[in-house]
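Single-structure report; data block below.
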Amino acid sequence: MNRLIKHCLNCRLKGLSWVSSSFKYNQRQYSEKVESQGKSFEGLLRCDANDVALTPISFLERSAKVFRDRTSIVYGSVTFTWEHTYFRCLKLASALSHLGISQQDVVATLMPNVPAMNELHFAVPMAGAVLCTLNTRHDSNMISVILRHSEAKILFVDQELLKVAEGALHLLEKQPILVLFLEPDGSSSPNSNSSIYEYESLVQDGRTEFTIRRPKSEWDPISINYTSGTTSRPKGVVYSHRGAYLNSLATTFLHGMGSMPVYLWTVPMFHCNGWCLTWGLAALGGTNVCLRRVCPKDIYESIDLHKVTHMGGAPTVLNMIVNAPSCDKKTLPHKVDIMTGGSPPPPNILLKIEELGFRVSHLYGLTETYGPGTYCIWRPEWDTLPKEEQAKLKARQGMHHFCLEDIDVKDPDTMKSVPADGKTFGEIMFRGNTVMSGYFKDQTASQEAFRGGWFQSGDIAVKHADGYLEVKDRSKDVIISGGENISSVELETVLYSHPAILEAAVVARPDNHWGQTPCAFVKLKEGFQIDAENIIKFCRDNLPHYMAPRTVVFEDLPRTSTGKVQKFVLREKAKVMGSLS
């Protein structure tokens with residue numbers, strides 16, 4: 001295992017020679033003898049009988065046999081079984097091949113959580129291609145940038161996003177083939193543009209006799225996930241079949257899933273391939289309950305109607321559920337496991353959502369770690385603690401999962417581990433098989449990310465005495481005021497505990513005397529009216545005075561489609577305010 005990891009890191013540091021427009025890969029050659037510690041073990045043979053490349057495709061192949069009659073997908077009145085899903089994906093892979101898709105071509109999607117999005121996660125790699133899922137909130141210009149960079153040959157687009165897609169195609173000299181997904185209930189008008197393929201027709205035209213194009217190596221790319229591109233051009237994070245396979249298994253474990261779970265899709269499937277659960281649910285024969293839009297009413301109704309056992313979402317989704325109108329809420333028929341991640345969740349939100357009947361677990365990761373990389377492993381001895389203390393512990397990012405080799409908090413300059421004192425800041429770093437293969441067509445960025453033999457996350461954290469990590473901020477979000485480091489996350493946690501505040505985000509505002517001071521952007525709950533002085537006093541009563549915001553702005557918070565606050569927007573506003581003072 002160590003030899004494989006060392007080899008992987010060496011490949012990355014040598015410039016990721018396979019991460020190019022053609023996805024060329026330098027395959028390792030194995031002898032028939034297995035060498036170990038200088039000894040030759042005669043009679044051992046590495047062959048097809050004992051050496052098969054790890055790939056999520058195998059999850060679907062197995063589920064078609066083991067769970068053939070179990071429900072795989074639910075979407076309104078549409079339901080499929082796993083056997084049905086397997087043959088649909090096989091036919092779709094066949095159709096892709098007929099359209100000219102060959103080994104390691106890129107196929108892009110611009111879709112919400114509809115059945116087609118789930119099927120494409122299998123059909124595209126079954127055709128030997130690489131899946132590129134696009135953020136549904138991107139505008140036409142950003143979509144065109146990614147399509148050009150990824151060299152996508154086909155774009156699958158949902159009917160609601162057709163205008164955005166067409167706007168992007170107009171900006172391209174070389175346009176990909178367009179395939180349109182229409183609502184299966186017949187409420188949408190058929191496409192009149194003869195140059196655009198229709199998704200369901202494409203599936204029906206495929207052949208079930210198609211031979212799956214399995215990866216030649218488990219290190220072959222399976223998907224590209226572009227970062228949000230909020231501060232610069234987005235980078236294409238490349239996942240391998242091996243990493244996707246391993247993180248799919250790890251994520252189902254983090255969710256506490258057993259056989260045949262029922263999962264409600266509130267995490268965007270385009271985001272880290274749905275935290276790899278688009279593939280992982282097939283391994284367990286689970287049911288994908290697809291939800292086009294995320295709103296509390298539909299969440300509660302889906303749980304009640306389909307007996308949902310698991311779901312996930314960023315803290316903003318939890319906040320949405322907690323603060324939903326009483327008319328939208330329903331008593332849960334059973335405990336529902338909900339996994340949250342994306343940004344550190346406020347402890348009071350965790351406390352309130354558990355009071356509604358949800359059982360919350362907390363994970364942490366990045367696009368570069370296939371989504372979930374750590375989780376807050378609950379310890380039985382914490383059961384006797386007060387609920388408020390339990391919520392604080394649950395808000396930590398915890399420890400790495402069993403498919404990741406290691407995680408640590410290090411000084412990025414010396415690469416030494418910080419002391420486990422819960423106080424010393426350092427950068428979170430990852431190492432293992434579920435770390436990205438690299439950034440597509442960006443050797444310099446790949447080498448910088450893997451500097452020192454670890455993936456450097458850019459997230460600032462402390463390490464507690466029990467080894468658990470706690471994220472304090474993104475490195476660019478730490479506020480330095482009068483020489484003191486202020487954690488925006490810590491200040492946001494206090495703001496969320498104010499009874500009148502629905503949402504909060506804190507950024508640095510330039511200050512001629514202090515250098516920077518905290519600037520809080522807040523959205524109040526309906527029916528509440530308070531002023532900035534009230535909020536500042538509340539923070540001073542619960543924090544050291546220097547950590548309290550000196551500026552409070554009341555407005556809706558700009559968010560990405562995955563629920564993260566777009567702090568770069570708020571930083572620009574705070575910068576303008578600082579220049580005017």
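Every number in this text was worked out from the coordinates using simple rules, so none of it is lab data. Not measured: the values here are computed from a predicted model. Cβ: placed from backbone, ideal geometry, glycine included. Neighbour counts: every protein chain shown.
How far, in nm, would the chain grow between residue 49 and residue 359 when pulled straight, counting 0.36 nm per residue and subtracting the alpha carbon separation?
Difference between extended and current length: 107.4 nm.
Report the Rg/Rh value for the range 112-223, based on alpha-carbon coordinates and the Kirkwood definition of Rh.
0.96
At a Förster distance of 35 Å, what's the computed FRET efficiency of residue 421 paired with residue 447, Cβ-Cβ distance as r, to 0.05?
Efficiency at R0 = 35 Å is approximately 0.65.
Expressed as an acute angle from 0 to 90° and rounded to the nearest 10, what is the orientation of the C-alpha long axis of helix 567-580 relative to the principal long axis of the chain?
Around 40 degrees separate the two axes.
Going by how many other beta carbons lie within 10 Å of each one, how would you line up 376, 327, fewest first?
Least crowded to most crowded, the residues run 327, 376.
For residue 466 and residue 576, calculate 0.36 nm times their separation in residues minus their Cα-Cα distance, and state this gained length in nm to one decimal.
Length gained, residue 466 through residue 576: 35.3 nm.
Where does each of 382, 454 land when they are ranked from fewest to most other beta-carbon atoms within 10 angstrom?
Ordered by Cβ neighbours within 10 Å, fewest first: 382, 454.
Starting from 0.36 nm per residue, how many nanometres of slack lie between residue 532 and residue 84 once their C-alpha separation is accounted for?
Gain on stretching residue 532 to residue 84: 155.5 nm.
How many nm is it between the label spots at residue 474 and residue 42, if each spot is 7 Å from the Cα in line with the beta carbon?
Distance between label points: 6.1 nm.
Using +1 at the Cβ of each Lys and Arg and -1 at the Cβ of each Asp and Glu in the range 484-580, identify which of 534, 521, 574 lies farthest towards the dipole's positive end.
574
With θ set to phi - 60°, apply the Karplus curve 6.51 cos²θ - 1.76 cosθ + 1.60 along the range 53-68 and write out the HN-Hα couplings as whole Hz, x wherever there is a Gly or Pro.
Couplings: 4, 5, 7, x, 4, 5, 4, 5, 4, 6, 4, 5, 9, 6, 10, 3 Hz.
Order by neighbour count: 262, 157, fewest other Cβ atoms within 10 Å first, most last.
262, 157
Which value in deg cm²/dmol, rounded to the nearest 500, describes the helix-derived mean residue ellipticity at 222 nm for the chain, given -39,500 (n - 2.57) per DSSP H run of n ≥ 4 and division by the residue count?
Rounded to the nearest 500, the figure is -9000 deg cm²/dmol.
If you take the beta carbon distance between residue 198 and residue 328 as r and set R0 to 30 Å, what does 1/(1 + (r/R0)^6) give as a FRET efficiency, to the nearest 0.05?
According to the calculation, E is roughly 0.30.
Mind checking the angle between helix 115-126 and the chain's longest principal axis? C-alpha axes, 0 to 90 degrees, to the nearest 10.
That helix lies at roughly 50 degrees to the long axis.
Just to confirm the number: angle between the C-alpha axis of helix 2-13 and the first principal axis of the chain, 0 to 90 degrees, nearest 10?
Helix 2-13 sits roughly 80 degrees off the main axis of the chain.
Per 5 Å bin, what is the whole-percent P(r) computed from every C-alpha pair distance within the range 484-580?
Taking every Cα pair in the range 484-580, the percentages come to 2, 13, 26, 26, 20, 10, 2, 0.
Once the dipole of the chain is set up with Lys and Arg at +1 and Asp and Glu at -1 on Cβ about the Cα centre, which of 73, 282, 417 lies farthest towards its positive end?
417
Could you check how many percent of all C-alpha pairs in the chain are farther apart than 42 Å?
Of the Cα pairs, 22 percent sit more than 42 Å apart.
Give the calculated FRET efficiency between residue 172 and residue 405 to the nearest 0.05, with a Förster radius of 41 Å applied to their Cβ-Cβ distance.
It comes to 0.55.
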